[in-house]
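First comes the structure, then the notes that go with it.
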Amino acid sequence: RSGKLTPSQVAKNIIAVLEDCDKSTPPLRAIVQWDQEQIMLMAEASTVRYRKKCTLSYLDGIPVCLKEEFKVVPYHHRVGTVYLGTEPETEDATVAKKLREAGAIIIGVSNMHELGTGTTGCNPNRYHKIPRNPYKPNHFTGGSSSGSAAAVAAGLCPVAIGTDGGGSVRIPASFCGVVGLKGTFGRISSHGSLPLSYSTVSVGPICTSVADAAIVYSILAEPDPLYPYGLKQPKATLSDMCAPDLKGLKLGVDWTFFKVPDAVCALPVLYSAVEHLQSLGASVVEVSLPEIEEVRVAHVICILSEMRDFLQPDFNKHFQEMNLETRANLALASQFTALDYITANRQRTRSMRFLQEIFTSVNCILTPAVACTAPRIYESDLLTGSSDLSFTARSMRFMQLGNFTGIPGLVVPIGYSTAGLPISFQVMAKWWDEAVLLRIGLKLEQFRYQTKKPSIYYDILA
């Protein structure tokens, strides 16, 4: 607004950075498709709007990227594979369209775990390669919205859009030390993304701050006639988000679930974060989250069965072109029966009823974000990929409840491990109540007394 900087100048900086970051050793691999001409066209149009003082929204001129799971003109809709998206897209996904209408500058599409089938972000195929964690480049970003989190953490853009069926926004946001919001199921349209799992996947932003996430959420969250799951939603609000304290809020904690196996180092900072929220006037209420093991198994049955159903033709026709881990997961999924899927969905109904009851006495549920920090990348991962089911289970421990029942979740970085890797905290709320998550998230940000600059970081305003 002051005119000291224009979207065009920022866009030129980003193009220079995009050229540089994949020549570095190792290459960042956050953005996998970008087009200099497209970026400059959007930036120049935004520059004119700022000059004329007729900007379209708070996102006008702001650089954003979208996970390759979304259709974005004129890029290839590869969804992390080598065989999909053989032709450039001619139609935008709803979120891409809305971002353009808001004046945002789409700097490209971001890397992802092949077909969203894992939580490391490890994708060794020729179009993608393995995105690096900006805090420690020899560690994974988390997945499946891997490039989205890496792009935001490395400063390429303050906003990225991801999808989350088993923690795919919240895990990479946590591992890369940025903010990740999984909206209520149906809140943000996923029309124009590959429908990998129709009952567990939500769309959400990965951002540098909670305020940024709130702005993006307020622009993207509304019914879309092309996406029936979100048609009956109440209006998205940011009510009380900026209240000075948390008086009157009841925060539910299941301490048995909260205690993270194998991550003793993170517990003190997590407990301190809870105390910080109490010091702002919130009260902590002990709750019991029933049948968590059943939720874990049922979620896996639902998401893998739906993915296997949708990808059956691909599995038969493109088996040899898939990563080894994708083949293994889809082969595992083929072992589930119709009876397993029906039983899992009965569990979903039970779990949603339990949550309905819990949310009559608390405003939200607090948990750690991920039960571990970002894992190391080994040489063999670069060639053949990585498959570690015990890590997948550990990384999804606190994620699955939100995907299985459709409640929203927000992860906020609160500190660092002794090795310098980010540690994050998660807040979940009842359906459609993202506003309370953002209110608590702003206060969690104040708890973090320092933000360490990642070892890979670009200042696109310089």
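The values are calculated or read from the model by the stated rules, or taken from the named source; none is laboratory data. Computed from a predicted structure; not experimentally measured. All Cβ positions, even for glycine, are placed from backbone atoms using ideal geometry, and neighbour counts span all protein chains on display. Remember, those area values only see protein heavy atoms, side chains included, never the ligands or the DNA or RNA. Shrake-Rupley method; radii C 1.70, N 1.55, O 1.52, S 1.80 Å.
A compact table of results
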| quantity | calculated |
| --- | --- |
| Count - residues of segment 1-19 that are without any contact (Cβ under 8 Å) to a residue 60 or more places away in the chain, open to solvent by less than 20 Å² (accessible area, probe 1.4 Å) and not hydroxyl-bearing (Ser, Thr, Tyr) | 1 |
| Contacts under 9 angstrom Cβ, first residue in segment 311-322 being more than 16 Å from Leu194 (Cβ to Cβ), partner of a type in the set (A, V, I, L, M, F, W, C) and part of a helix (DSSP H, G or I), 6 or more apart | Phe319/Leu330 |
| Positions within segment 181-210 being of a type in the set (Phe, Trp, Tyr) and at pLDDT 95 or above, in sequence order | Phe185 |
| Count of segment 356-366 residues which are open to solvent by 70 Å² or more (accessible area, probe 1.4 Å) and either in contact with a Cys (Cβ under 9 Å, 6 or more places away or on another chain) or part of a helix (DSSP H, G or I) (or both) | 2 |
| Sole exception among (1) under 13 Å from the mean Cα position of the chain (by Cα); (2) of a type in the set (Ser, Thr, Tyr); (3) more than 27 Å from Ser417 (Cα to Cα) for Thr163, by number | (3) |
| Which numbered condition Ser455 misses (of (1) within 23 Å of Ala30 (Cα to Cα); (2) in a helix (DSSP H, G or I); (3) open to solvent by 60 Å² or more (accessible area, probe 1.4 Å)) | (2) |
| Matching residues in segment 249-259 - criterion: being within 18 Å of Val362 (Cα to Cα) and either within 25 Å of the chain's Cα centre (by Cα) or open to solvent by 40 Å² or more (accessible area, probe 1.4 Å) (or both) | Lys250, Leu251, Gly252, Val253, Asp254, Trp255, Thr256, Phe257, Phe258 |
| Qualifying residues in segment 281-299 (those that are outside any strand (DSSP E or B) and open to solvent by 40 Å² or more (accessible area, probe 1.4 Å)) - the one farthest from Gln400 (Cα to Cα) | Ser288 |
| Helices (runs of 4 or more DSSP H) enclosed by segment 367-421 - at least 1 residues per element that are surrounded by 21 or more Cβ atoms within 10 Å (Cβ to Cβ) and in contact with a Pro (Cβ under 9 Å, 6 or more places away or on another chain) | 389-396, 400-405 |
| Filter result (within 26 Å of Arg394 (Cα to Cα), without any contact (Cβ under 8 Å) to a residue 12 or more places away in the chain and either in contact with a Phe, Trp or Tyr (Cβ under 8 Å, 6 or more places away or on another chain) or assigned to a helix (DSSP H, G or I) (or both)) within segment 332-355 | Ile342, Arg346, Thr349, Arg353 |
| Residue within segment 300-307 that is surrounded by fewer than 18 Cβ atoms within 10 Å (Cβ to Cβ) and on the phi < 0 side of the Ramachandran plot present | no |
| Residue list for segment 131-153, restricted to those being crowded, with 24+ Cβ neighbours inside 10 Å, in a loop (DSSP other than H, G, I, E, B) and not charged (D, E, K, R) | Pro131, Asn133, Pro134, Tyr135, Phe140, Thr141, Gly142, Gly143, Ser144, Ser145 |
| Residue match in segment 161-183 (condition: in a loop (DSSP other than H, G, I, E, B), open to solvent by 10 Å² or more (accessible area, probe 1.4 Å), touching a residue at least 24 places away in the same chain (Cβ under 8 Å) and over 16 Å from Val411 (Cβ atoms)) | no |
| Qualifying residue in segment 426-433 (condition: closer than 19 Å to Pro172 by Cβ, touching an Asp or Glu at 6+ places or on another chain (Cβ under 7 Å) and open to solvent by less than 10 Å² (accessible area, probe 1.4 Å)) | no |
| Failed item in (1) over 30 Å from Ile105 (Cβ atoms); (2) surrounded by fewer than 17 Cβ atoms within 10 Å (Cβ to Cβ); (3) at pLDDT 95 or above, with Pro225 passing the rest | (1) |
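Residues checked against (1) outside any helix (DSSP H, G or I); (2) open to solvent by less than 20 Å² (accessible area, probe 1.4 Å); (3) at positive phi; (4) at pLDDT 95 or above:
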residue	(1), (2), (3), (4)
Asp212	no, no, no, yes
Ile215	no, no, no, yes
Ile219	no, no, no, yes
Ala236	yes, no, no, yes
Cys242	yes, no, no, no
Lys247	yes, no, no, yes
Pro261	yes, no, no, no
Ala266	no, yes, no, no
Val269	no, no, no, no
